[in-house]
1. From Cα pairs below 8 angstrom and at least 6 apart in sequence, can you work out the relative contact order of segment 25-155, rounded to a whole percent?
2. Could you compute the FRET efficiency for residue 198 and residue 154, with r as their C-beta to C-beta distance and R0 at 25 Å, rounded to 0.05?
3. Can you tell me what share of the DSSP beta bridges in the chain is antiparallel? A percent to the nearest 5 is fine.
4. Cβ neighbours within 10 Å, averaged per peptide: list 151-159, 11-19 in order, most packed at the top.
5. For a bin width of 5 Å, list the pair-distance distribution of segment 40-153 built from all Cα-Cα distances, rounded to whole %.
6. Over segment 8-205, one equal point on each Cα, no solvent: what is log10 I(q)/I(0) by the Debye formula at q = 0.09, 0.11 Å⁻¹?
């Protein structure tokens, strides 16, 4: 596994060789995961949403149907170019090249999505990212984590390790998957968790 967080150059090279490296547009896994992600969101509509690591904008486009305004951010300009083209006719969507946690968007959000991204960071960076996410969140914001549980040999962490590092960074060592809420340092609460054969969903509320 990689010892440190993957940098922007890793993703630039990836998209240069394949404009859709994870088959976001065609994968049955992605399609089912998107449906589960939307179903997990407890509110029918949000005022201001953000997807961190939006890639080519497939999920961003879907999330825009549930948000008054939707922001997608990514470190790879090639991916963002595709995302902008995909969502060109959707008036409530914007995209920005940004590398969290070093760069932080203005304003606060009531929906924050981190889908298939945490395992690109090492544990110290996840600790900083977790605090950054909490600072970005409006009171009673929903934060949805969605992560692959299969092998991640090229990344710093596995899906489980990355999510647990995120939860631990904001004061929780919760490992129980179920309906019981778990307080995270009085800043957020786990209000839902699901574990499927290939991925896990963790829903927090600030």
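1. It rounds to 24 percent for segment 25-155.
2. My answer for the efficiency is 0.90.
3. 45
4. On the way: 151-159: 17.1, 11-19: 13.4.
Ranked from most to least packed, the peptides come out as 151-159, 11-19.
5. With 5 Å bins starting at 0, P(r) equals 2, 12, 23, 24, 22, 12, 4, 1.
6. Each listed q corresponds, in turn, to -0.30, -0.45.
Read-outs: derived from the displayed coordinates by stated rules, not from any lab. Treat the numbers as computed from the prediction; the structure is a model and nothing was measured. Every residue, glycine among them, receives a Cβ derived from its backbone with ideal geometry; neighbour counts consider all protein chains shown.
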